[in-house]
1. Can you tell which of 306, 313, 358 is out of contact with any strand residue (DSSP E or B) (no Cβ under 7 Å at 6 or more places or on another chain), at pLDDT 90 or above and on the phi > 0 side of the Ramachandran plot?
2. From 39, 58, grab the single residue that is surrounded by fewer than 16 Cβ atoms within 10 Å (Cβ to Cβ) and without any contact (Cβ under 8 Å) to a residue 12 or more places away in the chain.
3. If we scan region 235-251, do we find a residue that is within 30 Å of residue 24 (Cα to Cα), modelled with pLDDT of 90 or more, under 21 Å from the mean Cα position of the chain (by Cα) and buried (at least 19 other Cβ atoms within 10 Å of the Cβ)?
4. Looking at region 20-42, which of its residues are modelled with pLDDT under 85 and part of a helix (DSSP H, G or I)?
5. What number of residues within region 1-34 satisfy the criterion of being without any contact (Cβ under 8 Å) to a residue 24 or more places away in the chain and in contact with a strand residue (DSSP E or B) (Cβ under 9 Å, 6 or more places away or on another chain)?
6. Which of the strands (runs of 3 or more DSSP E) found entirely inside region 374-481 contain at least 1 residues meeting this: modelled with pLDDT of 95 or more and assigned by TED's automatic domain parsing to the domain that holds residue 357?
7. Give the residues of region 316-337 that are surrounded by fewer than 15 Cβ atoms within 10 Å (Cβ to Cβ), part of a loop (DSSP other than H, G, I, E, B) and in contact with a strand residue (DSSP E or B) (Cβ under 9 Å, 6 or more places away or on another chain), sorted by residue number.
8. Restricting attention to region 172-219, and to residues there that are buried (at least 17 other Cβ atoms within 10 Å of the Cβ) and closer than 30 Å to residue 326 by Cα, which single residue is nearest to the chain's Cα centre (by Cα)?
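The values are calculated or read from the model by the stated rules, or taken from the named source; none is laboratory data. Please read these numbers as outputs of a predicted model, since none were measured by experiment. For neighbour counting, all protein chains shown are included, and Cβ atoms are generated from backbone atoms with ideal geometry for every residue, glycine included.
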């Protein structure tokens, strides 16, 4: 019979039954699926234990009876004297003991149900519960502590996954979209199922559980085997987290929270025991917050490290081109850099990247309306400064006079061109000025057509604007700002951009 069936028939809780199994008083068989199968003999043994515990027979004495090391009648006579001498012989317990003695009952054959029926009143039921309460493996609830412990573990798993994506594939982990979200769910499940069983088998805990004073063991107190730990983690993933399926995961977490709060045994706790060390709670909570802060900082550093170019040190112009294209992919700028930040539309011009010669080349990508792309001048050509084959700087400039064109700031172009060279320097440190922060500084100035000079890692970026007969407006279909020629004016625009070694 199953655990639920024997709970009902024996009148004991699951924690009681597990406790007596751990003490060796019953030995259920195992089905092929790993679940326990209790026999009629196990049920009768539990009923006898329940009766004897209800009349204050100690667990040690019951073990002696179970091992045939003493006779029930001799033990009961001694126990009866103890009850009387200590004035703990409640009338009901004395009556039961006397009846058992008069009938010369044998432990292996007496009818426990008959005597349990005699105890079927509120006072006796409370007495039974008081005795059985002692014979229980402690049930740890603490749902919030368990939740935050697992949240720390999952944060660690995702940090490892982010490091893999960012450092090996230079993927912008903050901008992965729906495909990236699906991959994150799969990766977190794989890491959970691989890492947690190993940690539980080796140490009985995980980083999150350790910080909150939680430990998992087998019912015997020994560490779980890898197979037992893996089975526990598998059920946690299925029943506790609903396979990480959005919405369904929240439902499963809420149901698990309610069950845990009520003190019910969760399905993954069938063959294991969760222990809680409740000491130094404030210190543990502070340490947990500190770990989360550190993990946040590590994730940010990993994210920024992914933006670092593949070619560093003394680079050639060809290597700089590779850096520029990689940087453009990292920041996911899939539009022509002479155009405002349009929403993807239907047809027109495609985005451009640098080819091996350092010139702009059309690439498959998002398209823009013909009647908008035609309003803007072409991308300016980059000019590379080299000495002995080593790149020492670059520049571009553009000038428009009396032309009916709207002019973008080239903010993304300026930021990408600068970072592709600055971040390649040996003296550059992403901790002192992270790439995204440096990107925003350059872009913020360029988007407002401000003259500016920025120096970092021994590299200087100089930008100057000169214009008249233009008005700064927000571009159509975009949040970007552009210069629009004023009616009746003679518009003039000039921009000079240079990146070079030295201050």
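1. 313
2. Numbers: 39 fails: without any contact (Cβ under 8 Å) to a residue 12 or more places away in the chain.
Of 39, 58, the one residue that is surrounded by fewer than 16 Cβ atoms within 10 Å (Cβ to Cβ) and without any contact (Cβ under 8 Å) to a residue 12 or more places away in the chain is 58.
3. Yes, there is a match, as at least one residue in region 235-251 is within 30 Å of residue 24 (Cα to Cα), modelled with pLDDT of 90 or more, under 21 Å from the mean Cα position of the chain (by Cα) and buried (at least 19 other Cβ atoms within 10 Å of the Cβ).
4. Passing the criteria: only 22.
5. Step one: of region 1-34, the residues without any contact (Cβ under 8 Å) to a residue 24 or more places away in the chain are 4, 7-8, 26-33.
Now narrow it down to the ones that are in contact with a strand residue (DSSP E or B) (Cβ under 9 Å, 6 or more places away or on another chain): 28-31.
Matching residues across region 1-34 total 4.
6. On the way: elements: 383-387, 390-401, 452-456, 459-468, 470-474.
Output list reads 383-387, 390-401, 452-456, 459-468.
7. Going through region 316-337, the residues surrounded by fewer than 15 Cβ atoms within 10 Å (Cβ to Cβ) turn out to be 316, 329, 332.
Those left that are additionally part of a loop (DSSP other than H, G, I, E, B): 316, 332.
Hit for region 316-337 is 316, nothing else.
8. It comes out as 188.
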